[in-house]
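Presented below is the structure to which this report refers.
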Amino acid sequence: MSDQRESERAEVIRQRYREVFGHVPPGIESRIALAESTDEDKSTGGNGRESTPQGPDGIGFLLGVAHRARRRRWESELADLGLTAPQAAVLRVVAAQPGLGVRSVARQLGTDPMNAQRIAESLIAEKLCEAGRDPFDSRRRPLTVTDEGARIAAEVSIRARQSELTIAETLGRGVYDTVTEALRTLISFDKTAP
């Protein structure tokens, strides 16, 4: 990365901290300054081509670690309901939008239809959801929640809101909003990538 681009990037980071926190914390400033002073060999990996962080420094790696940690925490919060995180997600979508087919549920959750189908079948087996028949398309089975499924979905929604509030309090509202916005941008970017 050129010195000018690195300086511009560092200034954008500083500006974002000023917007969110009103200042750039000293520890962050020193990390930004260190990144700015990185020599050419480190930024190019010694081969003349710009490299991207991988492993423990890469965003993909960190997203994976964060996802697994968050999922473990969320599943511990759901344990007494007898649900996994994916089951809770499908149940909430079906409760909020009764009559969706498995493919629509999968699209909303960003998962593949076969995975959503397996989860829906487990919820049907637990008598939390039912699959109906579409009179216009024999392949489509609209999903609805049972009374018990609706009760549990409502409880999951309450817990999800509380869990998000806890995360927001832990990070600080500004950082929470920034991270959420950045993740939505990344998801959008990845959906448009070839």
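Values as computed for the structure displayed
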{"quantity": "Filtered trypsin sites (Lys or Arg not before Pro), region 105-194: DSSP coil and at most 14 other beta carbons within 10 Å", "calculated": "127, 133, 139"}
{"quantity": "Cα-centred dipole magnitude for region 61-192, charges only on beta-carbon of K, R (+1) and D, E (-1), debye, nearest 20", "calculated": "320 debye"}
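A short reminder: the numbers here are calculations on the coordinates, not readings from a lab. On a predicted model such as this, the values are computed, not experimentally measured, just so you know. For neighbour counting, all protein chains shown are included, and Cβ atoms are generated from backbone atoms with ideal geometry for every residue, glycine included.
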